[in-house]
Amino acid sequence: MAETESFRLPANVSPRRYQIELRPDLIRSRFEGTVTVSFDLLAGTTRLVLNAAELDLSEARVETPDGASLTGEISVSGPEQRASISLPVDLAPGEGYQLHLRFSGALNHHLQGFYRSTYRDDEGLERVIATTQFEPTDARRAFPCWDEPALKATFAVSLVVDNGLTALSNGPVVSVEDLGDGSRRITFEETMTMSTYLVAFVVGPFEMTPPRHIDGIPLRIAAVPGRMPLTGFALEAAEHALRFLSGYFEIPYPGRKMDHVAIPDFSSGAMENLGCVTYRENALLADTDAASQVELQRIATVIAHETAHMWFGDLVTMRWWDGVWLKEAFATFMELTTTDAFNPEWQVWTAFGTAKSAALGTDGLKTTRPVVFEVGRPEEAEAMFDVLTYQKGGAVLRMLEQYLGPETFRKGISHYLTAHAYGNTETRDLWAALEAVSGEPVGNIMDSWIAQGGFPIVSVHAGPDRSTVVLHQRRFLYDGSETDERWSVPINLRMSVDGVVQRHRVLLDEESVELAVDGPVDWVVANDGSWGFYRVRYSAPMWQRLQQAGVEDVMDPFERLSLVSDSWAAVVAGLQDISDWVSIVGSLGEDRDADVWGAINSVFALLSLVADENDRDALQSFVRKTARPVWAQLGWTPVPGEPSRAATARARVLESLALIGADPEAAEQAVDRFRTFVTTGQALPPDLVSCAARVTVARDGDAGWQTVFAQYKGASTPQDRVRYLFALSESPDPSTLRRTLDLVLSLEVRTQDAPFLISAVMRNRHGATIAWEWLESHWEELGSRFSAALLARAFDGIPLVVDPGLAGAIHRFCAAHEVPLAGPRLDQLLERMDINVGLAARLRGTLTAVFDG
Ligand code: BES
Ligand code: ZN
C-alpha cells in the first residue's frame with residue numbers, strides 16, 4: 001500500500017485555470033476529453049505531478065511562458081491516483097505555463113467521478129445520463145487535475161453532446177455550436193475561482209422548470225422527463241433558501257445561475273456543485289399531496305443545506321479534508337436556521353434533537369475522534385463525512401450561537417466569509433472572526449469541543465438549604481471509565497427560585513462550579529433549551545423536584561427529548577437503573593410531541609431486540625400502555641387545521657403501538673387500511689403510509705410482502721419507492737427476508753438504495769443473523785457492484801446486534817476482510833455493538849420485573 005504522504009501533491013504548482021472539453025458517449029459508456037491547465041510554477045522541476053484515476057492519458061505537452069512547446073512523457077501510478085509528466089528540460093519557476101493533456105475514460109457505474117445513471121422512459125426504454133460526483137477526491141476520474149481543495153482555479157467547460165440532450169455545468173451556457181454530425185458543442189461561462197471537487201457535468205434528456213429570477217439569478221429545478229409535476233415544492237424551498245441565505249450572510253450569491261438537478265442514481269443525498277447542485281430524486285422531488293411532513297421537511301432541509309454551501313464550502317473552502325467540518329457543520333447549522341424560517345411549524349431545531357442524540361451516541365465511545373481529524377488517503381477523506389462532522393459539528397455551532405447571541409454569531413460568520421472569500425481556511429480562522437466580532441475567547445472555549453473527542457456529562461445537585469446549585473463535569477463514556485479531560489462548557493441554566501423562573505449563563509471550565517442563588521431553588525433545568533452538547537444528570541432530589549413540578553409543564557419538547565436520551569445513555573453506561581428510565585417515560589404522561597416519541601421509540605426498538613421470549617410480553621404491554629392513551633387522542637384521521645407536527649407524532653405513536661407494541665387491534669387496522677389505500681387511495685394520511693406498509697409486511701405474511709412489493713414496483717414518486725422498499729425488511733419470516741435480501745443484487749433495486757436494505761434487515765430482530773450471513777456469502781459480488789462509500793452503508797445495522805454469537809462472527813469477518821470503513825468508523829460500529837451486547841446480557845431476563853413492576 002502506498003504511503004499516506006504519496007497522496008499529497010508536491011506543492012510546486014499553482015493551477016490558475018482549466019479549459020476542459022469532454023465528449024461523453026452515452027451508448028458506449030465512454031468519454032474523451034482534453035484539458036489545458038494554465039499554471040504558475042513555484043519551484044523549478046522536470047516533472048509535473050497531478051491526480052488522475054482510471055483515465056488513459058495519451059498526449060502531454062507543456063507550453064512555457066517564453067513560447068517553447070515541450071512534449072512530456074506520461075507515467076501513471078494507479079494506487080496513488082497520480083500521473084507524472086516528465087519533461088526534457090528543467091522548467092524554471094515562473095508564471096504563465098500551460099499543460100495540455102488528452103485523455104479518455106469509462107463512464108462507470110459506481111456513482112463516483114464521471115458516471116452513468118439510467119432510467120426508464122414512458123415507453124419502458126432505458127435512457128442513459130452521464131453525470132458527476134467529485135467530492136471528495138473523484139474529479140481526477142473525469143479529468144487530470146490538481147485535485148486538492150486548496151488548489152483553486154477557474155474552470156472553462158465545453159461539453160460535446162448529441163443533439164436533443166441537455167447539458168449542464170456550473171455556469172450558464174455562453175455558446176452552442178452545431179458540429180453538423182448530430183452533435184453540439186455547448187460552452188459554459190468560466191466559473192469563479194473554486195476547488196476541483198465542485199465542478200459538475202450533467203448530460204441527458206433533462207427537463208427544466210422555467211427559470212425564476214432571484215436578485216437576477218435564474219433558479220431552476222431539473223429532472224428526467226415526466227417529473228415536472230414533482231418540482232413545485234423544491235422550487236419554493238430553493239427560492240426561499242437563496243433569498244434567506246444571501247440576506248443572512250449579507251453577501252450576494254457567488255454563482256451566475258442556480259440549478260437543482262435530480263439524478264436517478266446518486267451516492268449520497270445531494271452535492272453542492274457551484275450553481276449545479278445534484279440530488280437523489282427523493283431529496284428534491286415530491287408530490288406535496290402524497291408526501292409526509294418528514295419527507296417534505298427533508299427536501300427543504302437538503303436544499304437549504306446545499307444552498308448554504310454556495311458560501312460555506314464553495315466561496316470559502318477548508319484548506320484540507322481534516323477541516324471538512326468548517327463547511328459541513330455550518331451547512332447543517334444553516335440548513336436548520338433556513339428551514340426554521342421557511343416553516344416554523346416544523347420546529348426543525350427540536351427535530352435536530354434526534355440528530356444531536358445520535359452524535360452524542362458516537363461521541364460517547366472510546367473510539368470516537370475529534371471533529372478536526374487527520375486525513376491522508378482518499379478513503380480517510382470520505383470517512384470524515386460522518387455524524388461527528390455534521391451533527392456534533394452542527395450542535396456545537398448552535399451551542400456557540402446561543403452562547404454568543406444569534407446576532408453576534410451571524411455578524412461573526414459574515415465577517416469570516418467576507419475575509420476569506422475565494423480562499424481557504426482552517427478552524428482558527430473561524431475563531432478569529434468570531435472573536436473579532438464578539439470580544440469573547442471563542443477559540444479557548446471551542447477548542448475543547450473541536451480538537452478533542454468526547455463530551456462531558458454535567459451533574460447537578462443543590463447545596464445546603466438549596467441555596468446553591470453545584471455543577472460538576474466529567475467525560476461521558478459508555479464503558480463508565482473515568483478520564484481527566486475537561487471542557488469549557490457554556491451552560492445556560494433555567495431554574496425556579498422561590499416560585500420565580502430565572503436564567504443564568506455559566507462557563508463551566510473547571511471540574512465543578514457552585515452557584516449561589518437568592519433563595520431556595522425549586523428546580524433546575526441544567527441545559528436550557530437543550531443547546532449544550534453535553535448530557536445532564538440530576539441528583540435524586542433534584543430529579544424529584546422536577547417531577548413534582550411536572551416535566552411536561554416545565555420542560556420544552558427538546559429538553560424532554562434530551563431527558564429521555566440522557567437518562568437512557570446513563571442506563572447503558574451503568575450510571576442508573578433501567579427502572580429510572582421507565583419512571584422518566586412515565587413522568588412524560590401523555591406527551592404528544594413527535595420528537596419526544598422518536599426518542600422513546602428508539603429505546604423501545606432496542607429493548608425489543610434485547611428482550612427474550614419470556615420478557616417480550618411485559619415489554620410489549622408496557623409499550624402499548626404508554627402509546628395507547630396518546631393514540632386515543634391522535635387516532636387515524638388528521639384533524640383539519642392541526643399543526644403539522646401532529647401528523648408526525650401520529651406516525652411515531654402508531655409505530656410504537658402497532659409495530660413495536662404489536663397491538664393486535666392497531667396492527668389489524670393498519671393492514672386493513674393499507675389494503676384499502678392500495679386499491680382506492682383512501683383511508684390513510686400520507687404520514688401513516690410508511691408505517692402501515694411496514695405493519696403489513698410484518699403481519700400479513702407472503703400476501704403482505706407481495707402487496708408492498710407491487711407498490712414498490714409501481715411507485716410513482718421517489719418517496720413511495722423508498723417507503724415500500726424498506727418496508728420489505730419487516731418480515732418475521734426467514735425465507736421472505738432472504739427474498740428481500742436477494743433484491744439487493746437484482747436489477748429491481750437501484751445501486752444507490754440497495755446497501756441500505758441490508759442494514760434495514762439487520763435491524764429486524766428476526767433478520768440480524770440472516771442479513772449478516774447473506775452479506776458474508778455475497779461478499780465478492782457486493783464488492784464489485786458497489787463503491788466503498790455505498791457498501792459502507794450495509795454496515796450501519798451492526799450497532800444493533802445484541803447476540804454474542806453473531807457479534808463474534810462480525811468481529812472475525814471484519815478482522816479478516818477489507819471492509820470499506822476507513823478511519824475509526826469500523827471500530828465505532830463494533831464498539832457500539834459490543835456495548836449493546838453487554839447491555840443485553842445485563843437486561844435479558846430482568847425486563848418482566850422492570851415493566852410489570
Ligand atoms: N458535501 C456533501 C455531499 C457528500 C457527502 C460528498 C459525502 C462526499 C461525501 C453534501 O453537502 C451533503 O452534506 N449531503 C448530505 C445531505 C445533507 C442535507 C446532510 C448527504 O448527502 O447526506
Ligand atoms: Zn454538506
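Data overview
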quantity	calculated
Options A331, A341: the member that is within 13 Å of ligand 2 (Cβ to nearest atom) and farther than 18 Å from G598 by Cβ	A331
Residue check for F244: away from ligand 1 (no atom under 15 Å from the Cβ) and of a type outside the set (D, E)	yes
Per-region count, segment 300-322, residues open to solvent by less than 10 Å² (accessible area, probe 1.4 Å) and touching a helix residue (DSSP H, G or I) at 6+ places or on another chain (Cβ under 6 Å)	13
Inter-residue pairs, beta-carbon under 6 Å, first of a type in the set (D, E) and in segment 258-286, second assigned to a strand (DSSP E or B), 6+ apart	D259/L168; D259/R220; D259/A222; D259/C276; D265/S117; E281/A262
Failed condition for Y197, given (1) assigned to a strand (DSSP E or B); (2) buried (at least 21 other Cβ atoms within 10 Å of the Cβ)	(1)
Given (1) away from ligand 1 (no atom under 13 Å from the Cβ); (2) touching a Gly at 6+ places or on another chain (Cβ under 9 Å); (3) free of Cβ contacts under 8 Å to residues at least 40 places away in the same chain, number of the condition E239 does not satisfy	(2)
Residues of segment 247-270 that turn out to be within 13 Å of ligand 1 (Cβ to nearest atom) and under 13 Å from L168 (Cβ atoms), as a count	2
Elements of type helices (runs of 4 or more DSSP H) contained in segment 532-579, each with 3 or more residues being within 13 Å of L360 (Cα to Cα) and in contact (Cβ under 8 Å) with a residue 12 or more places away in the chain	557-572
Out of R825, R812, R842, R793, sole residue that is among the basic types (K, R), open to solvent by 60 Å² or more (accessible area, probe 1.4 Å) and closer than 25 Å to I578 by Cα	R842
Selection status of A43, surrounded by 17 or more Cβ atoms within 10 Å (Cβ to Cβ) and either touching an Asp or Glu at 6+ places or on another chain (Cβ under 8 Å) or among the hydrophobic types (A, V, I, L, M, F, W, C) (or both)	no
Unmet requirement for V596, which otherwise passes all of (1) in contact with a Leu (Cβ under 9 Å, 6 or more places away or on another chain); (2) hydrophobic (A, V, I, L, M, F, W, C); (3) open to solvent by 10 Å² or more (accessible area, probe 1.4 Å)	(3)
For K356: the one exception among (1) within 16 Å of ligand 2 (Cβ to nearest atom); (2) crowded, with 24+ Cβ neighbours inside 10 Å	(1)
Total residues in segment 655-685, condition outside any helix (DSSP H, G or I) and of a type in the set (G, A, S)	4
Unique residue being in contact (Cβ under 8 Å) with a residue 12 or more places away in the chain, surrounded by fewer than 23 Cβ atoms within 10 Å (Cβ to Cβ) and either out of contact with any Ser or Thr (no Cβ under 6 Å at 6 or more places or on another chain) or on the phi < 0 side of the Ramachandran plot (or both) when the list is A436, A395	A436
Segment 218-273, residues that are in a helix (DSSP H, G or I) and open to solvent by less than 10 Å² (accessible area, probe 1.4 Å)	A234, A237, A238, A241, L242, L245, F249
Qualifying residues in segment 283-326 (those that are in contact with a His (Cβ under 7 Å, 6 or more places away or on another chain) and under 22 Å from P252 (Cβ atoms)) - the one farthest from ligand 2 (Cβ to nearest atom)	V316
Test: residue in segment 319-326 that is in a loop (DSSP other than H, G, I, E, B) and within 13 Å of ligand 1 (Cβ to nearest atom)	yes
So R650, is it open to solvent by less than 40 Å² (accessible area, probe 1.4 Å), assigned to a helix (DSSP H, G or I), modelled with pLDDT of 95 or more and basic (K, R)	yes
Strands (runs of 3 or more DSSP E) fully within segment 101-191 counting 1 or more residues that are at pLDDT 95 or above and closer than 25 Å to S716 by Cα	113-120, 126-133, 166-169
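Here's the yes/no breakdown for (1) of a type in the set (D, E); (2) closer than 22 Å to S246 by Cβ; (3) open to solvent by 10 Å² or more (accessible area, probe 1.4 Å):
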site: N163; (1), (2), (3): no, no, yes
site: V174; (1), (2), (3): no, no, yes
site: D178; (1), (2), (3): yes, no, yes
site: V203; (1), (2), (3): no, no, no
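The values are calculated or read from the model by the stated rules, or taken from the named source; none is laboratory data. None of the values given here were measured: they were computed from a predicted structure. Here the Cβ is made from the backbone with ideal geometry for all residues, glycine too, and neighbour counts use every protein chain on show. Just the protein is used for accessible areas: all its heavy atoms, side chains included, with ligands, DNA and RNA removed. Shrake-Rupley method; radii C 1.70, N 1.55, O 1.52, S 1.80 Å.
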